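The values are calculated or read from the model by the stated rules, or taken from the named source; none is laboratory data. Since the model is a prediction, treat every value here as computed from it, not as a measurement. Here the Cβ positions follow ideal geometry from the backbone for every residue, glycine too, while neighbour counts run over all protein chains shown.
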Amino acid sequence: MDMRSNRDTRWSCYFIKHAKKGLGVSIMLVYPNIEHRQCIRHLFSNFKKHFYGDFFNNKIWVAAKTYIPTEHALYLKDISDLNQDVITYLNNNHSKIWSRSKFGTTFKCDYITNNIS
């Protein structure tokens, strides 16, 4: 979690969540207005249990790394053209922000994982 003070002394922050569901719920209750991001590494580890193959593996990572919303949509379209169940799975199980193209502009941090090392 990254917290920074704005000039008007209000705090703003973003939170990158992974598999700790209880922690994510607690953070949402305590900080309802922060940006909730999902770690792509953890999303991917769950994703590959349901969908196999290099095509899916490569497309999900490039969709997460792109900064341009239209490119993100194109990568997801490529995935859905092959298997619409992938998009349904992502919408149902990974509704947090997991792509750089969806990040807000308040913070200048573009990490898509929560493990920096």
**OP:** Determine if segment 65-72 includes at least one residue that is part of a loop (DSSP other than H, G, I, E, B), touching a Lys or Arg at 6+ places or on another chain (Cβ under 6 Å) and either over 20 Å from Cys109 (Cα atoms) or at pLDDT 85 or above (or both).
**Re:** yes
Original post:
Which members of segment 64-116 meet the condition of being small (Gly, Ala, Ser) and over 10 Å from the mean Cα position of the chain (by Cα)?
Top reply: Ala73, Ser80, Gly104
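How many of the residues in segment 97-113 are of a type in the set (A, V, I, L, M) and either modelled with pLDDT of 80 or more or touching a Gly at 6+ places or on another chain (Cβ under 7 Å) (or both)?
Of segment 97-113, the ones of a type in the set (A, V, I, L, M) are 97, 112.
Filter once more, so that each one left must be either modelled with pLDDT of 80 or more or touching a Gly at 6+ places or on another chain (Cβ under 7 Å) (or both): 97.
Residues flagged as of a type in the set (A, V, I, L, M) and either modelled with pLDDT of 80 or more or touching a Gly at 6+ places or on another chain (Cβ under 7 Å) (or both) within segment 97-113 amount to 1.
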**OP:** Test Ile60 against the criterion of being in contact with a Ser or Thr (Cβ under 6 Å, 6 or more places away or on another chain), free of Cβ contacts under 8 Å to residues at least 40 places away in the same chain, in a helix (DSSP H, G or I) and β-branched (Val, Ile, Thr), and give yes or no.
**Re:** no
Original post:
Restricting attention to segment 90-97, does a residue exist that is touching a His at 6+ places or on another chain (Cβ under 7 Å) and at negative phi?
Top reply: yes
Original post:
Is there a residue being charged (D, E, K, R), in contact with a Gly (Cβ under 7 Å, 6 or more places away or on another chain), within 22 Å of Trp61 (Cα to Cα) and at pLDDT 75 or above anywhere in segment 28-44?
Top reply: yes
**OP:** Working only within segment 39-54, note down all residues that are touching a residue at least 12 places away in the same chain (Cβ under 8 Å), surrounded by 13 or more Cβ atoms within 10 Å (Cβ to Cβ) and assigned to a loop (DSSP other than H, G, I, E, B).
**Re:** Cys39, Phe51
